[in-house]
Amino acid sequence: MKTKATPAIKLDTLSDVNDLGKPWRYTEDGLTVTRSSVWSPPGCHPVGCGLKLFVDDNGRLVRVEGDENHPVTQGRLCPRCIALKDYVYNPSRIVFPMKRDPEFRGQDDKWERITWDEALDIIEERYKTLTGKYGRETMVIFTGTGREGGTMAPFATMSFATPNFCYTQSGYACYTPRLAACAYITGIPYPELDYAAGLPGRYDDPEYEVPEVVMLWGKEPLPSNPDGFFGHSVIDLMRRGTRIISVDPRVNWLSTRADYHLRLRPGTDTALALAMLDVIIKEEIYDKDFVDYWTYGFEALAERAAEMPVEKAAEITGVPAEDIINAARMYATAKPAGILWGLAIDQKTNGMQNGQAVVALMAITGNIDRPGGQVVGDINSGLNEGGFGFDEGIGPELAQKMIGIKEYPGYCNLILNSQADMTLGAMETDEPYPLRMGMYTGNNLLACTSAEPRRWRDAILRSLEFCIAFDCFMTPSAQATCDLFLPLATVAEREGTLFAEYGAAPLYFGAMNKAIEPGEARSDLELAFTLGKRLNPHLWEEYDTVRDFINHLRLGRQFDFEDLRKEVTLQQDISYFKYESGTLRRDGGLGFNTPSGRIELYSSAYRTFNEDPLPYYEEPHFSPVSTPELFEEYPFVLTTGARTYAFFHSEHRQIPYLRELNPDPFVEINPKVAQRLGIADGQWCEVFNHIGSAKLKAKVTVTVDENTLHAQHGWWFPETNPNDLDENGPYQTFRSNINNLVPNFHVGKIGFGAPFKSMIANIRPLEESYDTDMSVVWDKFGKLV
Amino acid sequence: MTAYGLLIDYEYCTGCQSCEITCKEEHDYPVGKWGIRVLDDGPWEIEPKRFNWNKIPVPTDLCDLCTDRTSTGREPMCVHHCLANVITYGKVEDLAKKLPEKGKQVLFVPQFKPYEAKGPFVHDPSKGLRKAAHLEVQENTAAERMAAHRGDARVEEY
């Protein structure tokens, strides 16, 4: 891997007195300052924002600032890391191991402090007993999103040596469906909008072209830094002239700045994309040379797209035909043009087709692997931990026991995860075999990730004899279901590396540098190493230290962490038009890393999985069209997962400054609907459907149209009763969990995609109020320890 | 005395609230107190498909322009951390020169604790009870009758 030192480009608002050019560690006014490129925890996607961590003589973190030396964030920082001290020293943080008798799951006062030695002894005994009885596959690891723990596959492959590494969201409805669609069609792991993050001169680099148009498809990048993309790069580009097309049912800040805002009915994206393809193909405004030389199946795609003329798409999506045509023309004629595709693509049963059609838009307009279009990695790119230790730790025989591998090979083999819905099923039925031991890494599924969370809780309680939590705070999930709690180190207390966008696009990477001592807390890397040495030492013989492991797992032994830490960040070597140079294929041939060597608009991989090789539109399983009778009872389309600057998913509820920005869970409702139903702004409501219900606070706003409700996710209330006593669950998490309304087992044919953003629901006002008293939150969590 | 201020380019303020949180961290303002707030106007419909939605950071009466930092030549924390990079700190006269360059800008000159800044009340002995001004009015008119109770001093004597 070729790399280069990252440039420090001064923002014009930064004073002339600044820290540009400072080394990775320096002293200032008696404080030791450590520069770091941080990932997690607290949770975020791997942007690796630049931080300066100021530590006093007592080893205490006293100040956090954005590092102006970072090539992308340039000193800018979002509220979540600005409040990092309040997370590290929060009085409710758990800083030592604890155990609890499984008999007392759900009871907070039954936890008992233990040493790490005792914790490891317990794990070893339970692991040996349970895997001895049921096989190693009896161990399941529940992973979450974004955080390093969510991606630490070596927990499964090398520490516990089990094939069942499981992201617990139905249909893996986050990121991976897009990744899979792109990988199957193009052989490229991920087509990110090119925001010059890998170029030394950034936006002014001679190799770069500012995109004329960026089309945001089901993505709200500003509050969430999705998939490791620094969201405010879009603002940087708009300042340089980029124009916006927004594909989103909701009005959001960026959509109000867009030339076209296509406000489609949630879940109908594939119809819209097919119609746009049809316009672009019929009007012959696609890149003919690129299509001729580098794509396969164009004619078939054209025929399929012709089945979705704009008038038909307008009827399905609710977007005026004229807007579809004009937006398609604008995107296709702009040079270059990039697409930022988002989570909404994954959060529908029809997600793999949505992703497929959007990749087709990128491809036929010639924007893939072009400056200012989609930036893509070469054959050496990809999720850097994917498959690490799999062959050695699991091997072909045990791999075949991965839950779902027979039913959903296109899911399990791609991401090396057990299929989420089937894992739930296995815990409910013991089929195909019993799961008896579990561990959470970067996951809080009862509050956040999983559909029908009570069902997941009951399945875990029924199935797992022993379950481990590894986190910074007690979570509802750990409280309800775990028997051992291990303390996780924060980003200030740990070493590690960070690859922007998980390494899926060739941009930059960096070092998480330790600034303060962790006490008894450990990082994900340290725990994987420690457990591995205990449970499966034969897989860890080549590593004497955690640094050895980092150097191999993360840095491919091409760098030493000791060197990287001093650089803090490095840019990767970036090049464009690689399909013309033979660096996209293992065999060095020209073209793309697919069977045909071309971008497969007609996908041979999809066909292998008994899926239609061409994109098609499928109505959401629950919708005004597919379930008209149910829709009479639940006459709104429900989209979940509203993002906010204050939180990363279910995290940060115990950080008073952040909670103050968003004290209560909200559901957005149109003013006319609110008027009709007698709902006042700020009134608590029940949102309900045939699957479940949740109580949220009405935010009356025109961001949603009269047919749509939009709800936040990830809520629990750490200031309330921790015990799992009643229907509300620990910390009242089930009271306001919008996933109560989302089903499992409504996934696409390949196993990916689930309807988190395309359900139906009704809403009614409540008389009672559940308003958070911020003085309670402040009293409980405001005094740092 | 040189006045300093914050120039806000609210064309690009996205409402990230980094300014609010970094200000609280910098000054240890508890829950309920703020040194800067992002005011939010919108979205409301101007015409079909076009919305007005402006977010504007407004310094509060607790904004001291980060005196401890700015006295060392650095910029205030809200300027440093702003994700959209829309806040510029400087001398008011310099910032004012940038106003004609583009639309959607606003220049704030904050006053830290304005009540305290006025100082305690001190009576100015040179001031006595003010006498009402003598008004030149035409005799035998309603205006003369209304002014009859006033003193004799002429307006220009005050």
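The values are calculated or read from the model by the stated rules, or taken from the named source; none is laboratory data. Just so it is clear, the structure is predicted and the values come from calculations on it, not from any experiment. Glycine gets a Cβ as well: all are built from the backbone with ideal geometry, and neighbour counts include every protein chain shown.
The table for this structure:
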read-out	value
Any hit, the stretch A:148-166, residues being of a type in the set (Ser, Thr, Tyr), in a loop (DSSP other than H, G, I, E, B) and under 16 Å from the mean Cα position of the chain (by Cα)	no
Residues that are out of contact with any Phe, Trp or Tyr (no Cβ under 6 Å at 6 or more places or on another chain) and not hydroxyl-bearing (Ser, Thr, Tyr), drawn from the stretch A:183-196	A:Ala183, A:Ile185, A:Ile188, A:Pro189, A:Pro191, A:Glu192, A:Leu193, A:Asp194
Filtered residues of the stretch B:77-101 (kept if at the interface with another protein chain (Cβ under 9 Å from one of its Cβ atoms) and part of a helix (DSSP H, G or I))	B:Met77, B:Val79, B:His80, B:His81
First in the stretch A:312-334 and closer than 19 Å to A:Arg243 by Cα, second anywhere and basic (Lys, Arg) and outside any helix (DSSP H, G or I), Cβ under 8 Å, 6 or more apart	A:Met330/A:Arg243; A:Ala334/A:Arg243
Filter result for A:Tyr134 (away from chain B (no Cβ under 14 Å), of a type in the set (Ser, Thr, Tyr), out of contact with any Gly (no Cβ under 7 Å at 6 or more places or on another chain) and buried (at least 20 other Cβ atoms within 10 Å of the Cβ))	no
Every residue from the stretch A:60-87 that is closer than 24 Å to B:Arg74 by Cβ and either aromatic (Phe, Trp, Tyr) or part of a helix (DSSP H, G or I) (or both)	A:Pro79, A:Arg80, A:Cys81, A:Ile82, A:Leu84, A:Lys85, A:Asp86
Of all residues making up the stretch A:608-637, the number that are closer than 19 Å to A:Gly171 by Cα and surrounded by 16 or more Cβ atoms within 10 Å (Cβ to Cβ)	12
Residue within the stretch A:722-740 that is within 14 Å of chain B (Cβ to nearest Cβ), surrounded by fewer than 23 Cβ atoms within 10 Å (Cβ to Cβ) and charged (D, E, K, R) present	no
Residue, farthest from the chain's Cα centre (by Cα), within the stretch A:351-372, restricted to residues that are crowded, with 24+ Cβ neighbours inside 10 Å and not in a helix (DSSP H, G or I)	A:Thr365
Only listed residue being surrounded by fewer than 21 Cβ atoms within 10 Å (Cβ to Cβ), touching a residue at least 12 places away in the same chain (Cβ under 8 Å), away from chain B (no Cβ under 14 Å) and under 26 Å from A:Gly729 (Cβ atoms), chosen from A:Ile679, A:Ile691	A:Ile691
Checklist (1) in contact with a Ser or Thr (Cβ under 9 Å, 6 or more places away or on another chain); (2) surrounded by fewer than 16 Cβ atoms within 10 Å (Cβ to Cβ); (3) farther than 29 Å from A:Val234 by Cβ applied to B:Asn52, failing item	(3)
Number of the condition not met by A:Ala761 [criteria: (1) assigned to a loop (DSSP other than H, G, I, E, B); (2) more than 14 Å from every other protein chain (Cβ to nearest Cβ); (3) out of contact with any Lys or Arg (no Cβ under 6 Å at 6 or more places or on another chain)]	(1)
Residue in the stretch A:106-129 that is within 14 Å of chain B (Cβ to nearest Cβ) and part of a strand (DSSP E or B) present	no
Qualifying residue in the stretch A:571-580 (condition: at pLDDT below 95 and among the hydrophobic types (A, V, I, L, M, F, W, C))	yes
Selection count, the stretch A:35-60, where residues are under 22 Å from the mean Cα position of the chain (by Cα), of a type in the set (A, V, I, L, M, F, W, C) and at pLDDT 95 or above	5
Residues that are of a type in the set (Asp, Glu) and surrounded by 14 or more Cβ atoms within 10 Å (Cβ to Cβ), drawn from the stretch A:386-429	A:Asp421, A:Glu428
Matching entry among B:Arg37, B:Arg74, B:Arg69 (being more than 30 Å from A:Leu262 (Cβ to Cβ), in a strand (DSSP E or B) and within 13 Å of chain A (Cβ to nearest Cβ))	B:Arg37
Filter result (surrounded by 13 or more Cβ atoms within 10 Å (Cβ to Cβ) and out of contact with any strand residue (DSSP E or B) (no Cβ under 9 Å at 6 or more places or on another chain)) within the stretch A:567-580	A:Ser575, A:Lys578, A:Glu580
Set B:Gly15, B:Gly35, B:Gly5: member being under 30 Å from A:Asp323 (Cβ atoms), of a type in the set (Gly, Ala, Ser) and under 22 Å from the mean Cα position of the chain (by Cα)	B:Gly15
Within the stretch A:571-662, helices (runs of 4 or more DSSP H) holding 2 or more residues that are away from chain B (no Cβ under 14 Å)	A:604-608, A:628-633
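A quick yes/no check of all residues on (1) away from every other protein chain (no Cβ under 14 Å); (2) within 23 Å of A:Leu709 (Cβ to Cβ); (3) not β-branched (Val, Ile, Thr):
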position	(1), (2), (3)
A:Leu237	no, no, yes
A:Ser246	no, yes, yes
A:Tyr260	no, no, yes
A:Thr268	yes, yes, no
A:Ala273	yes, no, yes
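Quick grid of which residues meet (1) in contact with a helix residue (DSSP H, G or I) (Cβ under 6 Å, 6 or more places away or on another chain); (2) free of Cβ contacts under 8 Å to residues at least 60 places away in the same chain:
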| site | (1), (2) |
| --- | --- |
| A:Lys699 | no, yes |
| A:Phe717 | yes, no |
| A:Asp726 | no, yes |
| A:Tyr731 | yes, no |
| A:Asn740 | no, no |
| A:Gly751 | yes, no |
| A:Ser758 | no, no |
| A:Glu768 | no, no |
| A:Asp773 | no, yes |
